[in-house]
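J.: Below are the structure tokens for one structure; questions will follow.
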Amino acid sequence: MVLHQMLRWSVWIFRASPGWWRTTYTFGASVGQQRWPSFAWVMSSPLAFRSSYSTVPHIPSVMLTSERYSVQRLPFSMVSEEDLASFECIIPGRVITDPEELEVANVDWLRSVRGCSKVLLKPRTTEEVSCILRHCHQRNLAVNPQGGNTGLVGGSVPVFDEIILSTALMNQVISFHDVSGILVCQAGCVLEELNHYVQDRGFIMPLDLGAKGSCHIGGNVATNAGGVRFLRYGSLRGTVLGLEVVLADGTVLDCLTSLRKDNTGYDLKQLFIGSEGTLGVITAVSILCPPRPKAVNVAFLGCPGFAEVLQVFSTCKGMLGEILSAFEFMDAECMQLVGQHLHLTRPVRESPFYVLVETSGSSADHDMEKLDGFLEQALGSGLVTDGTVGTDQSKVQALWALRERITEALSHDGYVFKYDVSIPVERFYDLVTDLRTRLGPRVKHVVGYGHLGDGNLHLNVTAEAFSASLLAALEPYVYTWTAAQQGSVSAEHGLGFKKKDVLGYSKTPAAVQLMWQLKALLDPRGLLNPYKTLPAHL
Amino acid sequence: MAELRALVAVKRVIDFAVKIRVKPDKTGVVTDGVKHSMNPFCEIAVEEAVRLKEKKLVKEIIAVSCGPVQCQETIRTALAMGADRGIHVEVPAAEAERMGPLQVARVLAKLAEREKVDLVLLGKQAIDDDCNQTGQMTAGLLDWPQGTFASQVTLEGDKLKVEREIDGGLETLRLKLPAVVTADLRLNEPRYATLPNIMKAKKKKVEVIKAGDLGVDMSSKLTVVSVEDPPQRVAGVKVENTEDLVAKLKEIGRI
């Protein structure tokens, strides 16, 4: 496996560019800037750091995926001058062949994979997408649909010279029904902008994630994104009411209903949700938005042990019930890292574990009463040794930052091995402690944090540098451990390019076989996002 | 060690992160159902008082707020940060809208005398009206020295050394106590109120009184004529080259 080669190069990139993570956090910065227009007097807030990440530091270029990994180009056609002329007819002025623009679209957010596509297309309408795909189907040209390019598994950029089909210009809201809260929009709308749009009308988007300033709703649906509101509003599989998809041969599949209930035949949209662009290109989304909560509270608690964390979770569910909207946890190492690398102040006494609880409801008094009751109970029974409540927006932001910026802090610590697994919540921390024992002093930190409320652990291991032996100690140990718990080796990030071969740890051969049959049915030529999601069909 | 008593004034304002909307009748901004919290500069003032108490320089901290019943939440926050007791000067909501720095200063001056405090701490200005007057007026009414825009406060015997942020740089004053100090941004970073303190704060005493009981005249000679949105920013115009730029500038009469 050429995996170790890839990772060795990543070390060079990580080390040579100490500030590179800052660019990635401009996504978070855009959130901050949008909310606080008069920034002049807020200087000491740690979040002021986010907004200062506007300059792109000089970053050495990323190694081509085709050179790092042992992957062979499939026999698709190459893009010719005639193809470019045809595209120019379909979308005049929006066929990009400029190398600088392409460079950005060829590299992923984590700067870990890079393709060599020579063409970037920016359609505005579904009709244009249909014409493009029809042409590519006739000519046997591979296509890589691309939204905000914020995925973490290398699924959003080409592996070779696949044509990049960007939804960047498909950013129109089609309709919004302000009684039902049903939003219909094109796939290229940025999540944060949609959030602002519906917020002005008294609703919120049912999902929220760190990349909201850049990710497109089409991409969110294609990856079945989770995020921090998952606990409260559920999966996109429930909130997406309809999709408009263009299939590999250019057929437009209009399933864009705005109906809550429609049991007429097989639910085709479920096939495309989470399909990572391999079964069709999503061009429009109809999504149900929940009403905007009038009262949001955030409590940050310190717990003496993981058993207490679980009990706090049960207590939360019991006492906060329907107002609970987020339950995240992090361990002491995470807190130490955000303090060391990002200088974020620890708001409570030092504890082995920290929990962030968010409530959202329609009555501030009612919620505060429930929250007070819960906090008294938790403190009184010793489940929580210390805690604080965000009294105003800036404190709320600061408390969320402690959780949201862990990824950033980790990248400053050294080379990061990243895992995102779903395992039974009682065994969450066992994986972290097992790994610590197993890896010993070879690594700097083994940390666990994540959406405890959803059973989703983000496991990260930092080391001074990449090492093949370290990788061998981690994989497939982490995957087999997860499989032993009947867990998922990719809880919310998806498979993309980097995890397509480990799908077997969480799905039976029969299941994978059926996935291949569906792929063959919908995309017989394999033109849509090749080399991704499913392992090579033998 | 001096055993001083401090009065900290806190104001309940619309949370700074909230998008402000002007009421359709242009009489003010929408406050119903909008998130309110303690004015950030007042928070810094409370934090300074608590730090002085931790250094055993201040014996008792009294948190004061003027306004409708919701102000008690703001006082509770101050209590959770470390204030000892609170005073809520109750002003009905309608009157509270007309209440300005002069009225509040009158109240604070009366309370400072009644409670025999040595130090009155306030935020430099409120983020809703940006008046930056209450501290100065209070000092004037009490005839006490004032150190405004404080970025550092130190007690030296019976005098207060205040470092102020002014346009030209930093100015250091030595004030005789009793004095009024208003807090600027860099004075300190307010602490998080910890859970045990939040619980304790519920049991701390908050006295409710009316402005009339203090014998304070709450009348105002000012009326708000109208409140409007600032003019919409007009989109910029992109030009291709310098000839176009010159032509456009001539067009709008700039050259």
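The values are calculated or read from the model by the stated rules, or taken from the named source; none is laboratory data. Quick caveat: nothing in here was measured; it's all calculated off a predicted structure. Positions of Cβ are generated from backbone atoms using ideal geometry, with glycine treated the same way; all protein chains shown enter the neighbour counts.
J.: May I ask you to list the residues in segment B:181-201 that are more than 8 Å from chain A (Cβ to nearest Cβ) and out of contact with any Leu (no Cβ under 7 Å at 6 or more places or on another chain)? Full working, then the answer.
T.: Within segment B:181-201, the first condition is being more than 8 Å from chain A (Cβ to nearest Cβ), and the residues that meet it are B:181-184, B:187-188, B:190-191, B:197, B:200-201.
B:Asp184, B:Leu187, B:Asn188, B:Pro190, B:Arg191, B:Asn197, B:Lys200, listed by residue number.
J.: Could you say whether any residue in segment A:382-395 is within 24 Å of the chain's Cα centre (by Cα) and not aliphatic (A, V, I, L, M)? It would help to see each step written out before you state the result.
T.: Taking segment A:382-395 as the starting set, the residues that turn out to be within 24 Å of the chain's Cα centre (by Cα) are none.
No: segment A:382-395 contains no residue that is within 24 Å of the chain's Cα centre (by Cα) and not aliphatic (A, V, I, L, M).
J.: Can you say whether A:Val198 is in contact with a Cys (Cβ under 6 Å, 6 or more places away or on another chain) and either free of Cβ contacts under 8 Å to residues at least 24 places away in the same chain or surrounded by 19 or more Cβ atoms within 10 Å (Cβ to Cβ) (or both), as far as the supplied structure shows? Before you say what the answer is, go through the steps one by one.
T.: Details: in contact with a Cys (Cβ under 6 Å, 6 or more places away or on another chain): yes; either free of Cβ contacts under 8 Å to residues at least 24 places away in the same chain or surrounded by 19 or more Cβ atoms within 10 Å (Cβ to Cβ) (or both): yes.
Yes: the conditions hold for A:Val198.
J.: Looking at segment A:393-404 only, could you name the residues that are within 8 Å of another protein chain (Cβ to nearest Cβ) and either farther than 21 Å from B:Glu43 by Cβ or surrounded by fewer than 20 Cβ atoms within 10 Å (Cβ to Cβ) (or both)?
T.: If the condition is that a residue be within 8 Å of another protein chain (Cβ to nearest Cβ) and either farther than 21 Å from B:Glu43 by Cβ or surrounded by fewer than 20 Cβ atoms within 10 Å (Cβ to Cβ) (or both), then A:Gln393 is the only one that fits.
J.: Can I ask one more? Is it the case that some residue within segment B:194-210 is buried (at least 17 other Cβ atoms within 10 Å of the Cβ), out of contact with any helix residue (DSSP H, G or I) (no Cβ under 6 Å at 6 or more places or on another chain) and closer than 23 Å to B:Leu57 by Cβ?
T.: Yes.
J.: Filter the strands (runs of 3 or more DSSP E) completely within segment B:1-110 down to those with at least 2 residues that are within 20 Å of B:Gly215 (Cα to Cα) and within 17 Å of the chain's Cα centre (by Cα).
T.: B:4-9, B:58-67, B:85-90
J.: Restricting the search to segment A:340-359, which residues are among the acidic types (Asp, Glu) and in contact with a Ser or Thr (Cβ under 8 Å, 6 or more places away or on another chain)?
T.: Restricting attention to segment A:340-359, the residues satisfying the condition of being among the acidic types (Asp, Glu) are A:350, A:358.
Within segment A:340-359, just A:Glu358 meets the criteria.
J.: If you check A:Val296 against the conditions, is it modelled with pLDDT under 95, buried (at least 21 other Cβ atoms within 10 Å of the Cβ) and within 12 Å of chain B (Cβ to nearest Cβ)? Explain how you work it out, then say what you get.
T.: Working: modelled with pLDDT under 95: yes; buried (at least 21 other Cβ atoms within 10 Å of the Cβ): no; within 12 Å of chain B (Cβ to nearest Cβ): yes.
No.
Conditions tested, residue by residue: (1) more than 20 Å from the chain's Cα centre (by Cα); (2) among the charged types (D, E, K, R).
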| residue | (1), (2) |
| --- | --- |
| A:Asp372 | yes, yes |
| A:Ala401 | no, no |
| A:Ala409 | no, no |
| A:Tyr429 | yes, no |
| A:Leu452 | no, no |
| A:Gly455 | no, no |
| A:Ala465 | yes, no |
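J.: Please work out which residue is nearest to A:Pro293 (Cα to Cα), limiting yourself to segment A:196-244 and to residues that are in a loop (DSSP other than H, G, I, E, B) and among the β-branched types (Val, Ile, Thr).
T.: Going through the qualifying residues, I end up with A:Ile204.
J.: I've got another one for you. From A:Val425, A:Val384, grab the single residue that is under 18 Å from A:Cys316 (Cα atoms) and within 14 Å of chain B (Cβ to nearest Cβ). If you could, list the steps in order and put the result at the bottom.
T.: Working: A:Val425 fails: within 14 Å of chain B (Cβ to nearest Cβ).
On inspection, the qualifying residue turns out to be A:Val384.
J.: Also: Given the criterion within 14 Å of chain A (Cβ to nearest Cβ), in contact (Cβ under 8 Å) with a residue 24 or more places away in the chain and surrounded by 23 or more Cβ atoms within 10 Å (Cβ to Cβ), identify the matching residue among B:Ala45, B:Ala80.
T.: Working: B:Ala45 fails: within 14 Å of chain A (Cβ to nearest Cβ).
One residue alone meets the criteria, B:Ala80.
J.: Then there is this: Anything in segment B:158-172 that is under 21 Å from the mean Cα position of the chain (by Cα), exposed (fewer than 14 other Cβ atoms within 10 Å of the Cβ) and among the β-branched types (Val, Ile, Thr)? List them, or say none.
T.: Correct list: B:Ile166 only.
J.: Please find, among B:Lys23, B:Lys55, B:Lys35, the residue that is on the phi < 0 side of the Ramachandran plot, within 11 Å of chain A (Cβ to nearest Cβ) and of a type in the set (D, E, K, R). Before the answer, list the steps.
T.: Working: B:Lys23 fails: within 11 Å of chain A (Cβ to nearest Cβ); B:Lys55 fails: within 11 Å of chain A (Cβ to nearest Cβ).
None of the other options fit; the residue is B:Lys35.
J.: Among the numbered conditions (1) of a type outside the set (Ser, Thr, Tyr); (2) buried (at least 21 other Cβ atoms within 10 Å of the Cβ); (3) within 12 Å of another protein chain (Cβ to nearest Cβ); (4) over 30 Å from A:Gly302 (Cα atoms), tell me where B:Val117 comes up short.
T.: The single condition B:Val117 does not satisfy is (3).
J.: Looking at this structure, is A:Ser360 at pLDDT below 95, surrounded by 18 or more Cβ atoms within 10 Å (Cβ to Cβ) and within 14 Å of another protein chain (Cβ to nearest Cβ)? Give the steps one after another, and end with the answer.
T.: Numbers: at pLDDT below 95: yes; surrounded by 18 or more Cβ atoms within 10 Å (Cβ to Cβ): yes; within 14 Å of another protein chain (Cβ to nearest Cβ): yes.
It is true that A:Ser360 is at pLDDT below 95, surrounded by 18 or more Cβ atoms within 10 Å (Cβ to Cβ) and within 14 Å of another protein chain (Cβ to nearest Cβ).
J.: Of the residues in segment A:83-111, how many are surrounded by 12 or more Cβ atoms within 10 Å (Cβ to Cβ), of a type in the set (A, V, I, L, M) and over 15 Å from A:Ile163 (Cβ atoms)?
T.: Number satisfying all stated conditions: 2.
J.: Could you give every pair whose Cβ atoms fall below 9 Å, whose first residue belongs to segment B:237-255 and is surrounded by 10 or more Cβ atoms within 10 Å (Cβ to Cβ), and whose second residue is not in a helix (DSSP H, G or I), counting only separations of at least 6 or pairs across chains?
T.: Taking only residues 6 or more apart or on different chains, the pairs are B:Leu245/B:Val239; B:Val246/B:Ile255; B:Ala247/B:Val239; B:Lys248/B:Val237; B:Lys248/B:Val239; B:Lys248/B:Arg254; B:Leu249/B:Ile255.
J.: Right, next: Given B:Gly86, B:Gly123, which one is touching a Phe, Trp or Tyr at 6+ places or on another chain (Cβ under 6 Å), modelled with pLDDT of 95 or more and either surrounded by 19 or more Cβ atoms within 10 Å (Cβ to Cβ) or at negative phi (or both)? First the steps, then the outcome.
T.: Working: B:Gly86 fails: touching a Phe, Trp or Tyr at 6+ places or on another chain (Cβ under 6 Å).
Of B:Gly86, B:Gly123, the one residue that is touching a Phe, Trp or Tyr at 6+ places or on another chain (Cβ under 6 Å), modelled with pLDDT of 95 or more and either surrounded by 19 or more Cβ atoms within 10 Å (Cβ to Cβ) or at negative phi (or both) is B:Gly123.
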